Amino acid sequence: MLGLGLIGGSVMRAAAAAGRDVFGYNRSLEAVQAAVADGFDASEDLDGTLARAAAGNALIVLAVPVPALTQLLGRIRETAPGCPLTDVTSVKTAVLQEVQSFGLLERFVGGHPMAGTAHSGWAAGNARLFVGAPWVISVDDHVDPGVWTLVMDLALDCGAVVVPARSDEHDAAAATISHLPHLLAEALAATAGEVPLAFALAAGSFRDGTRVAATAPDLVRAMCEANAEELLPVLDRALDLLHHARDALAEHKPLTDIVETGHAARIRYDNFSRPEIVTVVVGEDRWREELAAAGRAGGVIRSALPALGSRG
Ligand code: NAD
């Protein structure tokens, strides 16, 4: 594990609880000491950790914000270029391009566990953070079936359900269900913060609608700015709906459009089913396309799929 914050620290705890041999690096001594005090194998020596990973051909998990990737990938290229590599970053295309620029694409399969809290750091992590949560694993054209299986096994060991998706499709969806909510939460919190008495009256709607605005600003900026291309069209769509609502209010017309459309979409989400993907064999002809199509249709992997060459 490279990065022992909320996500890296939670993966470390969950992987260890599943019986895996896991060791990690963190740049701050404080977090390393806290992890060690909790009984984990952690170090602030990046090169030493990478050399150990290279010696054991360990699966390396990048669990740092986007701006920190450049430095870590440079060191991986030097010390552990042959290790299978994954990440937990909230954007996928930008990371894919970064990994490619370091010549590490061949052994890389991107990942994104869709779970978190507004807190940061080792102390915020917990072994059950990913239980039942979707964990996106990329099925881009280049991905190697062996590495893909390693990443799938890690996600399943952490209690997640695996959603296979292409990086570009992940980013378009994540823009809508994660990055746009962050911007709307910030706007909502900022607006209420300017109205006297608002905080005194605030209850469930405000708390739920602004929950993610409590996230560390650097993390929010890192994920929204790195996904600007996909975020812009969905932000335009949301602004369009709000502008229509504004016009309706100004003209004393009913708010039918935004309220009916939003309500219907939310009910569809509440009834959204997640069929289990069971028929795909990882590594077989067109396995990436089949997984991408199944993921697009809402399918999830709940138990390890067979891999070509590992059957009977
Ligand atoms: P965090 O702040 O809790 O942890 C970040 C970790 O990165 C820390 O260990 C920190 O020491 C390390 N780090 C930061 N800059 C570094 C640098 N320049 N060099 C070396 N290490 C550095 O954050 P987190 O929530 O665990 O986020 C980590 C990743 O997980 C991010 O890419 C984020 O997009 C992704 N993610 C976050 C959430 C969430 O809800 N917070 C959910 C899913 C994925």
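The values are calculated or read from the model by the stated rules, or taken from the named source; none is laboratory data. Treat the numbers as computed from the prediction; the structure is a model and nothing was measured. For neighbour counting, all protein chains shown are included, and Cβ atoms are generated from backbone atoms with ideal geometry for every residue, glycine included.
List every residue pair whose Cβ atoms lie under 6 Å apart, where the two residues are 6 or more positions apart in sequence or sit on different chains, the first residue falls within segment 20-32 and is in contact (Cβ under 8 Å) with a residue 12 or more places away in the chain and within 13 Å of residue 68 (Cα to Cα), and the second residue, located anywhere, is in a strand (DSSP E or B) and aromatic (Phe, Trp, Tyr).
none
Pick out the one residue from 98, 106, 78 that is more than 11 Å from the ligand (Cβ to nearest atom), buried (at least 16 other Cβ atoms within 10 Å of the Cβ) and in a helix (DSSP H, G or I). Even if it seems obvious, please write down each step before you answer.
Details: 106 fails: buried (at least 16 other Cβ atoms within 10 Å of the Cβ); 78 fails: buried (at least 16 other Cβ atoms within 10 Å of the Cβ).
Answer to the selection: 98.
How many residues does segment 246-277 contain that are under 32 Å from the mean Cα position of the chain (by Cα), aliphatic (A, V, I, L, M) and assigned to a helix (DSSP H, G or I)?
Of the residues in that region, 5 qualify.
How many residues does segment 52-67 hold that are within 16 Å of the ligand (Cβ to nearest atom), at pLDDT 95 or above and either under 27 Å from residue 178 (Cα atoms) or not in a helix (DSSP H, G or I) (or both)? Break it down into steps so the answer makes sense when it comes.
Restricting attention to segment 52-67, the residues satisfying the condition of being within 16 Å of the ligand (Cβ to nearest atom) are 53, 60-67.
Then drop every residue that is not at pLDDT 95 or above, which leaves 53, 60-64.
Applying the additional criterion that residues be either under 27 Å from residue 178 (Cα atoms) or not in a helix (DSSP H, G or I) (or both) yields 60-64.
Number satisfying all stated conditions: 5.
Can you work out which of the residues in segment 1-42 that are surrounded by fewer than 17 Cβ atoms within 10 Å (Cβ to Cβ) and among the polar types (S, T, N, Q) is modelled with the highest pLDDT?
Selected residue: 33.
Picking from 186, 225, which residue would you name as being in a helix (DSSP H, G or I), of a type in the set (D, E, K, R) and surrounded by 15 or more Cβ atoms within 10 Å (Cβ to Cβ)?
Working: 225 fails: surrounded by 15 or more Cβ atoms within 10 Å (Cβ to Cβ).
The conditions single out 186.
For residue 220, work out the one condition from (1) more than 30 Å from residue 5 (Cα to Cα); (2) among the aliphatic types (A, V, I, L, M); (3) free of Cβ contacts under 8 Å to residues at least 60 places away in the same chain it doesn't fulfil.
(1)
Tell me which residues, restricted to segment 109-149, are outside any strand (DSSP E or B), of a type in the set (Val, Ile, Thr) and at pLDDT 95 or above. Talk me through it step by step, then tell me what you get.
Our first condition is that a residue be outside any strand (DSSP E or B); within segment 109-149, this holds for 109-110, 114-133, 139-149.
Subset that is of a type in the set (Val, Ile, Thr): 109, 117, 131, 139, 143, 147, 149.
Across segment 109-149, the qualifying residues are 109, 131, 139, 143, 147, 149.
Has segment 202-209 got any residue that is surrounded by fewer than 19 Cβ atoms within 10 Å (Cβ to Cβ), in contact with a helix residue (DSSP H, G or I) (Cβ under 6 Å, 6 or more places away or on another chain) and in contact (Cβ under 8 Å) with a residue 24 or more places away in the chain?
Yes, because at least one residue in segment 202-209 is surrounded by fewer than 19 Cβ atoms within 10 Å (Cβ to Cβ), in contact with a helix residue (DSSP H, G or I) (Cβ under 6 Å, 6 or more places away or on another chain) and in contact (Cβ under 8 Å) with a residue 24 or more places away in the chain.
How many residues are within 14 Å of the ligand (Cβ to nearest atom), of a type in the set (A, V, I, L, M, F, W, C) and in a strand (DSSP E or B) when one looks only at segment 18-34? Explain how you work it out, then say what you get.
Just the residues of segment 18-34 that are within 14 Å of the ligand (Cβ to nearest atom), to begin with: 24-34.
Add one more test, that the residue is of a type in the set (A, V, I, L, M, F, W, C), and what stays is 29, 31-32, 34.
Pick out the ones that are also in a strand (DSSP E or B) and you get none.
Qualifying residue count for the region: 0.
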